[in-house]
Amino acid sequence: MNKWQKEDLKYIWHPCSQMKDYEELPPIVVERAEGINLYDIDGNCYKDVVSSWWCNLLGHCNPGINSAIKHQLDTLEHVIFANFTHKPAIVLCQKLAEVLPKGLCKFNFADNGSAAIEMSMKMSFQYHQQIGNTHKTRFMALSDAYHGETIGALSAGACDLYSAIYKPILMDVVRVSGPDCYRCPYGKTRDNCRCECFEKAEKTFEQYGNETCAMLVEPLLQGSAGMKVYPPLYLTKLRELCNKYNVHLIADEIATGYGRTGKMFAFDWSGVSPDIMCLSKGLTGGYMPMSLCVTTQEIYDAFYADYLSGKAFMHSHTYAGNPLGCSAAVEVLNILKDENIIENAYARSGFFNNMIEKKFLDILNVGEVRHIGLINAIEIVKDRDTKESFNPALRLGYQIYKKALKRGVLLRPLGDVIYFNPPLIICEDDMRYVTDIARDCTIEALNEL
């Protein structure tokens, strides 16, 4: 352990970690980065194929984004966003309005994904209170959902790893049994189903729809649940159901937006629009902490009144609309458009998907390889026929993670689901390299059981 690692452990409590694990695997001290490569203080290279928690969109130290932030830094670093504004924020909204799903046109700024989720929930609740729907006081969300770590967002989530201990202080959210395409109880596959599982949503709405103000959903991809992929038809049906019961549909596109699924937004695959969309992560290319809660004119109008009416949305964040973040976000949109980033990434995704299937499906303990866009997930199971999982105490995914790090690939498995969620600029040579390493480490870890 070097001196910097010792000093880190002396002071820092790392996120989403059991710090005792760091006795065996101390934090890697990163000194610089370029493209998908991270370099530590000893010169070792690590391929960042999880996009540093899914946010790095265009590679580390992208010259265009670097330049935009440097220019902005010499002009305006921050200003209060109440009664003040600036050009980067205005331009960002102009550009996003051109590519967002139809109807989304009003932008409220925050500084992280969880904050945007909280904002969307408060916005929906207050809307219904102000138009006379005072009976609508609850929220719905899917089983296995993940929406963030603050109390409201954590309440909407359903991953016990993050929320179980906090249940006594969480909101009572109505849980909709969501799609599970790998372990489909109807015996269907993603390619041949008509979302028969949606009957569960219909029954839940029938019971709770009238008292619900909003339904939160991770569109097409439930990330923290193990990169669970489900069909666009589910969103189409959910839109119809929300319309029927006058329930807002909140799209958590924090992880799925900005080309991760092969289109600008995951909702673009469905042909329908949400009432509120939350954005973060790729929004600034992974550079600056910033998020957006985007909504419709109809929702906005319910808050537009004389001040003494008490209808204003009294929600704020100190760094809302930060000019540095907005400048980065504007440049991200410029690069995506000028270089056809999303289209080119989607064109390469078939190569990536096919290669991973060939390299992993011959491993007997690989239950499924699933993918959407450049995102690929490999679920490792104890028994392929029964789909029985390994005992979590074995921490099989963590063993694979440690082995891959030693060979220069940053994987961060979700339980026993190994996944790739790389920057959109990843090249085919890097695809070959990281999948070879991941396959070798997976086989090695399985052989040690």
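The values are calculated or read from the model by the stated rules, or taken from the named source; none is laboratory data. All values derive from a computational prediction rather than experimental measurement. Using ideal geometry, Cβ is built from the backbone for each residue, glycine included, and neighbour counts are taken over all protein chains shown. SASA here: full protein model, heavy atoms, side chains in, ligands and nucleic acids out. Shrake-Rupley method; radii C 1.70, N 1.55, O 1.52, S 1.80 Å.
Here is a check on your reading of the model: is LEU449 within 24 Å of the chain's Cα centre (by Cα), farther than 20 Å from SER51 by Cβ and either among the aliphatic types (A, V, I, L, M) or open to solvent by 10 Å² or more (accessible area, probe 1.4 Å) (or both)?
On the way: within 24 Å of the chain's Cα centre (by Cα): no; farther than 20 Å from SER51 by Cβ: yes; either among the aliphatic types (A, V, I, L, M) or open to solvent by 10 Å² or more (accessible area, probe 1.4 Å) (or both): yes.
Answer is no for this residue.
Listed by first and then second residue, the pairs with beta-carbon distance under 6 Å, at least 6 apart or on different chains, first residue in segment 197-214 and closer than 24 Å to CYS181 by Cβ, second among the polar types (S, T, N, Q) and assigned to a helix (DSSP H, G or I), form an empty list.
Under 8 Å between Cβ atoms, which residue pairs at least 6 apart in sequence (or on different chains) link something in segment 140-157 that is at pLDDT below 95 and β-branched (Val, Ile, Thr) with a partner that is buried (at least 24 other Cβ atoms within 10 Å of the Cβ) and not in a helix (DSSP H, G or I)? Close Cβ pairs (under 8 Å, with a partner that is buried (at least 24 other Cβ atoms within 10 Å of the Cβ) and not in a helix (DSSP H, G or I)) do not exist here.
So that you can scan it fast, the table gives a plain yes or no per residue for (1) closer than 23 Å to ASN112 by Cα; (2) of a type in the set (A, V, I, L, M, F, W, C); (3) in a loop (DSSP other than H, G, I, E, B):
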| residue | (1), (2), (3) |
| --- | --- |
| LYS6 | no, no, no |
| HIS14 | yes, no, yes |
| LEU57 | yes, yes, yes |
| LYS70 | yes, no, no |
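Residues checked against (1) free of Cβ contacts under 8 Å to residues at least 60 places away in the same chain; (2) in a loop (DSSP other than H, G, I, E, B); (3) closer than 28 Å to ILE426 by Cβ:
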| site | (1), (2), (3) |
| --- | --- |
| SER52 | no, no, yes |
| GLY64 | no, no, yes |
| PHE81 | no, yes, no |
| ILE90 | yes, no, no |
| CYS93 | yes, no, no |
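Residue selection: ASP383 fails the criterion of being over 24 Å from the mean Cα position of the chain (by Cα), charged (D, E, K, R) and closer than 15 Å to ALA438 by Cβ.
Only one of GLU357, GLU339, GLU368, GLU331 is modelled with pLDDT of 95 or more, in contact with a strand residue (DSSP E or B) (Cβ under 9 Å, 6 or more places away or on another chain), charged (D, E, K, R) and within 29 Å of GLY285 (Cα to Cα); which?
Numbers: GLU339 fails: in contact with a strand residue (DSSP E or B) (Cβ under 9 Å, 6 or more places away or on another chain); GLU368 fails: within 29 Å of GLY285 (Cα to Cα); GLU331 fails: in contact with a strand residue (DSSP E or B) (Cβ under 9 Å, 6 or more places away or on another chain).
Answer to the check: GLU357.
When TYR300 is tested against (1) part of a helix (DSSP H, G or I); (2) touching a residue at least 12 places away in the same chain (Cβ under 8 Å); (3) out of contact with any strand residue (DSSP E or B) (no Cβ under 9 Å at 6 or more places or on another chain), just one condition goes unmet, and that condition is (3). If the condition is being among the hydroxyl-bearing types (Ser, Thr, Tyr) and surrounded by fewer than 21 Cβ atoms within 10 Å (Cβ to Cβ), then segment 204-223 contributes THR204, TYR208.
For segment 129-150, the set of residues classified as surrounded by 21 or more Cβ atoms within 10 Å (Cβ to Cβ) and over 23 Å from the mean Cα position of the chain (by Cα) consists of LYS136 only. Within segment 343-357, residues that are in contact (Cβ under 8 Å) with a residue 40 or more places away in the chain and open to solvent by less than 70 Å² (accessible area, probe 1.4 Å) have Cβ atoms under 9 Å from residues that are of a type in the set (Lys, Arg) and part of a helix (DSSP H, G or I) in these pairs: MET355/ARG432; ILE356/ARG439, counting only partners at least 6 apart in sequence or on another chain. Just to be sure before I move on: is ILE90 farther than 22 Å from VAL217 by Cβ, surrounded by 15 or more Cβ atoms within 10 Å (Cβ to Cβ), of a type in the set (A, V, I, L, M) and more than 21 Å from the chain's Cα centre (by Cα) in the structure I sent? No; evaluated as a whole, the condition is false for this residue.
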